[in-house]
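To start, the structure itself, in structure tokens.
The values are calculated or read from the model by the stated rules, or taken from the named source; none is laboratory data. Remember, it's a predicted structure, so these values are computed and weren't measured experimentally. Here the Cβ positions follow ideal geometry from the backbone for every residue, glycine too, while neighbour counts run over all protein chains shown.
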């Protein structure tokens, strides 16, 4: 049996609109996006203390989100995983599968629709359940992979607090 892995799937925080001529990849976080995600990251750090590996998309807004997360969980470095820039979700999951056993926790910071697809594939959700996920900017979802059972969503956080399961519906924080 493969070792348990805590997978933190993170959608980048709110980013600025791209001015005319600016490539989408260069969009930075807004001041409000940074502030809100820092609040989320502090709550997360108080609960989990540390994350073994933090991977991010190479796009500026994801890198900035990952850096805030790393700062709050006292993680030394963030690594760019190019597959988080829109490659198929299964490619990302295959890349981290080999890390189980060596690491107990991994965070992936990326973009929609890939982050929702990562959740759906890791949890083997049918399409109707995957479509119900409302993965808002700056949210973090913990999926426990392996161990005694199949992958399970444990909780999610965005801003104000922790919630069981997966984000969905219209009354999410």
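Can we say residue 63 is more than 15 Å from the chain's Cα centre (by Cα) and either at pLDDT 95 or above or surrounded by 22 or more Cβ atoms within 10 Å (Cβ to Cβ) (or both)? Considered against the rule, which asks whether it is more than 15 Å from the chain's Cα centre (by Cα) and either at pLDDT 95 or above or surrounded by 22 or more Cβ atoms within 10 Å (Cβ to Cβ) (or both), residue 63 comes out as no.
Tallying residues that are more than 26 Å from residue 23 (Cα to Cα), surrounded by fewer than 20 Cβ atoms within 10 Å (Cβ to Cβ) and either at pLDDT 95 or above or touching a strand residue (DSSP E or B) at 6+ places or on another chain (Cβ under 7 Å) (or both) within the range 73-104 yields 5. Can you find a residue in the range 25-37 that is modelled with pLDDT of 95 or more and either within 14 Å of the chain's Cα centre (by Cα) or within 14 Å of residue 115 (Cβ to Cβ) (or both)? Scanning the range 25-37 turns up at least one residue that is modelled with pLDDT of 95 or more and either within 14 Å of the chain's Cα centre (by Cα) or within 14 Å of residue 115 (Cβ to Cβ) (or both). Can you work out which of the residues in the range 124-155 that are over 14 Å from the mean Cα position of the chain (by Cα) and within 21 Å of residue 47 (Cβ to Cβ) is surrounded by the most Cβ atoms within 10 Å (Cβ to Cβ)? In this case the residue turns out to be 145. Test residue 35 against the criterion of being over 22 Å from residue 161 (Cβ atoms), assigned to a helix (DSSP H, G or I) and out of contact with any helix residue (DSSP H, G or I) (no Cβ under 9 Å at 6 or more places or on another chain), and give yes or no. So residue 35 does not fit the description; no. Taking (1) touching a strand residue (DSSP E or B) at 6+ places or on another chain (Cβ under 8 Å); (2) surrounded by fewer than 16 Cβ atoms within 10 Å (Cβ to Cβ); (3) part of a helix (DSSP H, G or I); (4) modelled with pLDDT of 95 or more in turn, residue 47 satisfies each apart from (4).
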